[in-house]
Amino acid sequence: MSTPLRRALVVLPLVTALIVSGCAGSREPAAAPGAASPSPSSTGAAPTPDPATRAARLVGTLADEDLVGQVLMPYAYGNSATKVSGGSAAGNRKLAGVETPAEMIAKYRLGGLILVGFSADDPTSDTQPTTNVDNPAQVRELTAGLQAAAGKLPAGAAGALIGIDQEFGVVTRISDGVTNLPSPMAFGAAGDPAITESAWRAAGTELAALGVNVDFAPSADVLEANSKVIGSRSYGSDPNAAGAQVGAAVRGLQGAGVAATLKHFPGHGQTAADSHKGLPVVTADRKKLESTALPPFSAGIAAGAWLVMAGHLDVRAVDPEVPATFSRKLLTDMLRGQLGFTGVLVTDAMDMAAVAKQPPGTTAVRALNAGNDLVLMPPNVTEAYNGVLAALRDGSLPRARLVEAVTRVLTLKFRLAERPRPEMGTLNSAGHQEAARRAAASSITMLRGRCGGPLLTGPVTVTAASGRERSRDRLSQALGAAGVRVTPSGGAVVHLVGYGDTAADLRGDATVTVAMDTPYLLGRADSKVLLATYSSNSASLTALAEVLAGRTRPTGRSPVPVGGLPRTSCS
């Protein structure tokens, strides 16, 4: 039997099923919210088919090589699609045997690319070997070049997925020239889903203007452990409260035309171990998983999330010693069967230590067979591509499984393509800055101290743990603007601590100690006043200054328990 005929015989029944089901990303209508297919015009033109129908039609025309490429989403070196430095060209040759990101898309017929980069205190830095992000204009030019390359592929009508980890807080890929939101934990402290949705809609609008159409956020991890790798990336320790925040973030992002991703299924917050360094073990029993870890994923699915990211986690109660990334019991039976998710399932980065011991081709095939639709950041693109293609042809990766995955990916692409791209002028707009300011102001939490009025009398000296001089200077400037006299020494000490700091970074003589990441360290501080901002960005430190000056009250409530302290000392 010829290959085209064999493809047709496999694809046609699936096409019919997809047209009936709509291939929704969750329990929702096939069309994206606010993006219904146009009605027939007055001239009698036929309506545009819905995304699922278009995807099913397109997938039936694709060769094996196209099907394989569409389920790969690597990173690339370089800040341009077609012109890169010598060092970036060398990196791409090692990664994929090509010199530029555009050549990588063309050679492997890729479904998309993820933009990578660095941020301060970044717990994901082990998987960020380069950066594609310099400034907004450069990012917009890069994404346009990537789309141009993808448009030349046989699957080009659907465009490319261009993703990024823009969680805010310690995982922020684009920070200059855009609106910076406080961390997810700050939103958990504010506790108002309306504030969360508004702020994430602003962030999504700016990502869309930059040409980014997939955000690998929000984290749906419930923080059960004092985890350095998840920490303030989580909305908190209460499953239902975190679920409300996750749902709001999903609605905000996708309302702006950017696909949201729930991560890291079934919950990286259940363990303090770091999957960038090894395979974490989740020891919770099935009942606790379902009551503690899963509610935010259910809430995100109910809100219409178009992607879920599988975590590199050994979940002993469900599939012991098998990373969730490779577990059909977790991904197909639990996520799709029990929770009803029908959208795109993407792996976490496949260059992480938890899953990188086997060859890239082997792990890519294992991930797809488990139910993943996209393989993210394989450590070698050539090996991953060749491994999947070989498995398709020898039957160890069933064709129907690959067709299903590609159809989901193409459906998502067509959904995203329906949304107009905002203008670059929306970046850092006054309305977006106000959304960030409101979120930050609502998050400031007092865990010890007197509420109301100025918290300090006389001059103030701002100090900070080593490496946090930028935050110290930001707060000093904000205090000055709020009418507080700041002196280099001799005043009442306001001391700042942040991500990864320990008790050795505290000051015993500080009148006020402020935690700019998770608030756990405040439980070991002796200061008369203890405050948490959960973030060190300008909006959070400005809001802190307003509280210290007595201009506003700290209305936040710690979304995680801190030993010996109340969630708030304010009524």
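The values are calculated or read from the model by the stated rules, or taken from the named source; none is laboratory data. Note that the structure is predicted; figures quoted are calculated from it, not measured. Cβ: placed from backbone, ideal geometry, glycine included. Neighbour counts: every protein chain shown. Side chains are part of the model used for accessible areas, which takes the heavy atoms of the whole protein and leaves out ligands, DNA and RNA. Shrake-Rupley method; radii C 1.70, N 1.55, O 1.52, S 1.80 Å.
Overview of values
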| read-out | value |
| --- | --- |
| Residues being in a loop (DSSP other than H, G, I, E, B), open to solvent by 10 Å² or more (accessible area, probe 1.4 Å) and within 20 Å of residue 560 (Cα to Cα) - total across segment 266-278 | 4 |
| Odd one out for residue 318, checked against (1) assigned to a loop (DSSP other than H, G, I, E, B); (2) crowded, with 23+ Cβ neighbours inside 10 Å | (2) |
| Residue count, segment 437-454 (criterion: open to solvent by 30 Å² or more (accessible area, probe 1.4 Å) and assigned to a helix (DSSP H, G or I)) | 3 |
| Flag if residue 514 is more than 17 Å from residue 235 (Cα to Cα), touching a His at 6+ places or on another chain (Cβ under 8 Å) and modelled with pLDDT of 95 or more | yes |
| Failed criterion for residue 394 (all others in (1) open to solvent by 40 Å² or more (accessible area, probe 1.4 Å); (2) without any contact (Cβ under 8 Å) to a residue 40 or more places away in the chain; (3) of a type in the set (D, E, K, R); (4) in contact with a helix residue (DSSP H, G or I) (Cβ under 9 Å, 6 or more places away or on another chain) hold) | (4) |
| In segment 125-134, the residues that are open to solvent by 10 Å² or more (accessible area, probe 1.4 Å) and in contact with a strand residue (DSSP E or B) (Cβ under 7 Å, 6 or more places away or on another chain) | 133 |
| Considering residues of segment 73-101 that are of a type in the set (A, V, I, L, M, F, W, C) and more than 24 Å from the chain's Cα centre (by Cα) only, the residue surrounded by the fewest Cβ atoms within 10 Å (Cβ to Cβ) | 90 |
| Residue match in segment 121-138 (condition: of a type in the set (A, V, I, L, M) and assigned to a helix (DSSP H, G or I)) | yes |
| Filtered residue count, segment 285-298, keeping only those that are crowded, with 19+ Cβ neighbours inside 10 Å and farther than 17 Å from residue 560 by Cβ | 4 |
| Count of segment 509-524 residues which are open to solvent by less than 10 Å² (accessible area, probe 1.4 Å), more than 26 Å from the chain's Cα centre (by Cα) and not hydroxyl-bearing (Ser, Thr, Tyr) | 4 |
| Members of segment 161-181 that are in a strand (DSSP E or B) and closer than 30 Å to residue 534 by Cα | 162, 163, 164, 166, 167, 168, 171, 172 |
| Subset of segment 528-571 (residues that are on the phi > 0 side of the Ramachandran plot and buried (at least 20 other Cβ atoms within 10 Å of the Cβ)) | 534 |
| Residue match in segment 339-355 (condition: open to solvent by 20 Å² or more (accessible area, probe 1.4 Å), in contact (Cβ under 8 Å) with a residue 60 or more places away in the chain and not in a loop (DSSP other than H, G, I, E, B)) | no |
| Filter result (of a type in the set (Val, Ile, Thr), open to solvent by less than 10 Å² (accessible area, probe 1.4 Å) and touching a residue at least 40 places away in the same chain (Cβ under 8 Å)) within segment 363-391 | 375, 381, 388 |
| Verdict on residue 281 being of a type in the set (A, V, I, L, M) and surrounded by fewer than 20 Cβ atoms within 10 Å (Cβ to Cβ) | yes |
| Failed item, numbered, when residue 490 is tested on (1) out of contact with any Lys or Arg (no Cβ under 9 Å at 6 or more places or on another chain); (2) under 24 Å from residue 517 (Cβ atoms); (3) in contact (Cβ under 8 Å) with a residue 12 or more places away in the chain; (4) not hydroxyl-bearing (Ser, Thr, Tyr) | (2) |
| Residue count for segment 139-160, restricted to those that are assigned to a helix (DSSP H, G or I) and in contact (Cβ under 8 Å) with a residue 12 or more places away in the chain | 14 |
| Some residue of segment 285-296 being in contact (Cβ under 8 Å) with a residue 40 or more places away in the chain, more than 19 Å from residue 185 (Cα to Cα) and touching a helix residue (DSSP H, G or I) at 6+ places or on another chain (Cβ under 6 Å) | no |
| Scope segment 478-508; condition more than 30 Å from the chain's Cα centre (by Cα) and within 16 Å of residue 448 (Cβ to Cβ); matching residues | 492, 493, 494, 495, 506, 507, 508 |
| Subset of segment 412-424 [out of contact with any Gly (no Cβ under 9 Å at 6 or more places or on another chain) and either buried (at least 23 other Cβ atoms within 10 Å of the Cβ) or closer than 16 Å to residue 175 by Cα (or both)] | 424 |
| Filter result (open to solvent by 10 Å² or more (accessible area, probe 1.4 Å) and either at pLDDT below 95 or more than 11 Å from residue 105 (Cα to Cα) (or both)) within segment 135-155 | 135, 136, 137, 138, 140, 141, 144, 154 |
